[in-house]
1. If we sort 345-351, 185-191 on the protection proxy, mean other Cβ atoms within 10 Å, highest first, what's the order?
2. Starting from the 7 Å offset along Cα-to-Cβ, what nm value, one decimal, do you get for the label separation of residue 44 and residue 173?
3. Could you calculate the FRET efficiency of residue 119 with residue 61 from 1/(1 + (r/R0)^6), where r is the beta carbon distance between them and R0 is 56 Å, rounded to 0.05?
4. Take every DSSP beta bridge with both residues inside region 313-446 and express the antiparallel ones as a percent of the total, to the nearest 5.
5. Residue 371 to residue 324: FRET efficiency via 1/(1 + (r/R0)^6), r the Cβ-Cβ distance, R0 22 Å, to the nearest 0.05?
6. At 20 °C and 1.002 mPa s, grab the translational diffusion coefficient of region 313-446 from Stokes-Einstein with a Kirkwood Rh over Cα pairs, rounded to a whole number in µm² per second.
7. With each pseudo-label sitting 7 Å past Cα toward Cβ, what's the residue 11-residue 212 distance in nm, one decimal?
C-alpha cells in the first residue's frame, strides 16, 4: 500500500510524524558525528599544543640541568681552591707570626731593665692577640668550607676544664672575679679539641662581660645528654640580641677601662655556633640585662674515656722548674728563613747544641755520622723541595741507633697530619708555637716523659 491509497488523515499524520522523527534522528546523528569530529579535531590541536609545550619545557629543563651541572662544577672547583688557599694560608700566614713569637721570647731574655721587659711583654701580648684573631678567622673559614671535620670519641669533661681554667683563672683574678667549677665526672661524645675551643670562647666571653661576682662552670645530666653550662653574673643580653650574638662581628659593649678594651672582633660566639653545629651539639642562651647569662652546650653522654696522650696535657702546662735544656742536642727541620733565625736565637738562649736542616737530604747529612745523635727533633711539616716532615722523620728514625723523641710543629692542623703524627708516635704542636710550651714539652720528652 502506498501513501496515495491511504485516505485516513489521522493515519497520514501519524506516518508523517514518524517520518519526521526519523529525519530528525538522522540529522541529530549527523550533527553528533560532526560535533564529535570537530571535538576530535580540537582535541588533536590541544594535544599537539600541549606536546609542543611539554617538549619545550623538557628542553628548558635540560638546559637548566646543564647549567646547574656547570654551576656545580664551578662551585666544587671554588671549594677545592678555597681548601687549597686555606692550607696555604695556615702555613704562609702563621709562619711569620711563629718566627715573631720565637724571636720575642729570645729578646725578652736579653733585656736587662724592667721597663724593656715590660715593652717586650706588650709586644708579645699583641702578637698573641693577632695569633688568636688569625686562628679564629682561619678556623671559621675551614668550618664553612668543610675542611675541619670532627674526630668523635669519648671525652671526659673535667680534664678539659682543668686545662682551660689554668689559662683563664689569672685573667678572672685580675678582674677580681671568682671562677668556680661544679662538674660531674661524665664523658661526652665529641671532638676534644673542638669542644675545648667552644668552651674556651664561652668562658672567655663570660669573664670579659662580667664586672663583679664571678663565673660558674657546671654540668647537668638530662637523660642521655649532658648540658655544660657557663653561668656569669655579668651585664646580661637583651632578648632581641640573643640570636644576633652568634653572628660574625657582633660584639657587646665593654665597660670603660675594661682589661681588653679594643681587642677582639666579635667572632668568639660565631665560631662557637659553627663548632657546635659541626659536632651535632646544641647551644642555647638564657639572659636578662643586669642579671647575667647562662650559656649551655648540650651533647650526648658517653662512657669509658680514652687515655689522654701526654703531649695534650703538657702543652698547656707551664714550664717545669727543672726545664734546663742546656747542652741538649736538638735537630730542627725548618725551611722558613725567619723561623730558622728565630729558632737559632731561642735555642742559643736555652744553651742547646743544635743543628738546622731545610730538607730531608740536609737532615740525613747532619746525621751522617753517629758522633752527633740528637736528644730531640723539632720538625715542620712542609720543607724544601716538597719534602714532608713526617716522611723525613721516618727516614731519620730508620738510621738513628736509638729512638729519638720528636715534635711535629706545623701550621697544618688538618686531620690527616694529626693522624700521621700520632701514627709515628710524635707530638703535634700547632704553630705559632709559644716558646714556654715548646720548652715544657721538649723537657718532658727529653726526660723520657717523667
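Please treat every number below as a calculation from the coordinates, not as lab data. If you're wondering where the values come from, they're calculated on a predicted model, not measured in any experiment. Please note: Cβ atoms are built from the backbone with ideal geometry, for glycine as well, and neighbour counts cover all protein chains shown.
1. Per-residue mean Cβ counts within 10 Å order the peptides as 185-191, 345-351.
2. Rounded to a tenth, the inter-label distance reads 9.8 nm.
3. Numbers: r = 68 Å, r/R0 = 1.22.
With a Förster radius of 56 Å, E is 0.25.
4. Details: 1 of 17 bridges.
Antiparallel bridges: around 5 percent, rounded to the nearest 5.
5. Numbers: r = 24 Å, r/R0 = 1.07.
For R0 = 22 Å, the calculated efficiency reads 0.40.
6. Details: Rh = 14.8 Å.
Result for D is 145 µm²/s.
7. Here the answer is 13.0 nm between the modelled labels.
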